[in-house]
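Data first, discussion second: the structure below is written as structure tokens.
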Amino acid sequence: MENDKRIRIITGHYGSGKTEFAVNYTLTLAEKGYNTAIVDLDIVNPYFRSREMEPMFEEKGVRVISSSIKGLAGDLPALSPEIYTILEDKSYEAVIDVGGDKAGATALGRFYNRIDKDECDMFFVLNANRHLTGDKQNAIRYLKSIEQGSRQKVTALINNTHLCGETKIEDIMKGQDLCLQVSQELGLPIKYTVVHKGLADYLPNNICGEIFPIDIFMKKPWEME
């Protein structure tokens with residue numbers, strides 16, 4: 001993580017687990033002692049939003065920036081001007097959780113001229129079990145559409161292939177095969193392989209990228225206590 005650039009943009013298809021990864025990544029930065037901020041830039045999808053974790057983030061000292069209209073149920077395209085502070089204040093390690101399609105990524109495109117490319121990574125989270133990104137052709141098409149909407153270039157791939165609580169090692173390896181195909185086609189590195197902490201010890205030795213164990217924070221409404 002220490003070799004990643006200061007601003008980490010996290011994007012991917014709805015259901016890829018991009019927000020779960022963004023939440024875990026942010027918490028890991030905070031645990032390492034970094035001055036950390038997370039920006040919830042997903043103004044399209046009202047579910048599985050990183051801002052849902054705001055109380056926990058604040059407890060960990062993480063600055064949370066989301067829509068300037070507060071409330072979890074509402075979803076208005078009102079972007080907080082605080083975002084500019086995070087982009088320009090180099091004391092922050094920033095994670096930006098972007099909407100999971102071209103329309104959602106367009107919100108990021110608004111800041112095209114304010115993002116220093118030399119200090120920015122954009123990670124494309126790929127789940128081979130999602131029907132719109134389940135093969136090389138569709139995965140690349142989806143990646144390109146997000147690049148177009150965001151006006152940013154993807155710098156690395158993240159294998160986050162899962163089936164929620166039913167995930168098996170075979171799913172992760174299926175995702176690795178797909179990531180390798182996309183990597184070879186586009187010349188992009190595979191930066192992380194995401195795995196639930198309960199499965200991390202069972203991964204084979206031929207995993208591509210850095211293994212990133214996660215906890216599950218983003219739960220469906222019926223899973224909440």
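Values quoted throughout were computed directly from the atomic coordinates according to the rules given, and no laboratory measurement underlies them. Fair warning: this is a prediction, and the values are worked out from it, not measured in the lab. Every residue, glycine among them, receives a Cβ derived from its backbone with ideal geometry; neighbour counts consider all protein chains shown.
Find how much the distance from E31 to E170 grows on full extension, using 0.36 nm per residue of separation minus their present alpha carbon separation; answer in nm with one decimal. Walk me through the numbers before you get to the answer.
Working: separation 139, 0.36 × 139 = 50.04 nm, distance 3.07 nm.
Result for the pair: 47.0 nm of gain on full extension.
Output the peptides 196-209, 153-166, 10-23 sorted from most to least packed, where packing is the average of other Cβ atoms within 10 Å over each peptide's residues.
Working: 196-209: 12.4, 153-166: 19.6, 10-23: 25.4.
The packing order, highest mean first, is 10-23, 153-166, 196-209.
So if each residue of separation counts as 0.36 nm, and I subtract the Cα-Cα distance between A103 and L163, what length gain in nm does that give?
Contour length minus Cα-Cα distance gives 19.1 nm.
Given only helices, namely DSSP H runs of n ≥ 4 each adding -39500 (n - 2.57), what is the per-residue ellipticity at 222 nm of the chain, to the nearest 500 deg cm²/dmol?
Estimated from H runs of four or more residues: -9000 deg cm²/dmol.
Pull up all non-local amide H partners of N35: gap of 5 or more, or a different chain, and H-to-H distance under 5 Å with H placed in the peptide plane.
Distant-sequence amide H within range of N35: E93.
Where does helix 18-31 land angle-wise versus the long Cα axis of the chain, in degrees 0 to 90, nearest 10?
Once rounded, one gets 70 degrees.
Straight distance only, please: which aspartates and glutamates reach the Cα of K136 with their own Cα at less than 20 Å, same-chain residues fewer than 8 apart left out?
Cross-link targets: D101, E147, E170, D171, D177, E185.
What pairs from K32/K191; K60/K191; K102/K174; K5/K191; K5/K153 go past 22 Å between their alpha carbons?
Details: K32/K191 19 Å; K60/K191 26 Å; K102/K174 25 Å; K5/K191 12 Å; K5/K153 14 Å.
The answer is K60/K191; K102/K174.
Stretch I216-Q181 to full length: gain in nm at 0.36 nm per residue minus the Cα-Cα span?
Details: separation 35, 0.36 × 35 = 12.60 nm, distance 2.78 nm.
Between I216 and Q181, full extension yields an extra 9.8 nm.
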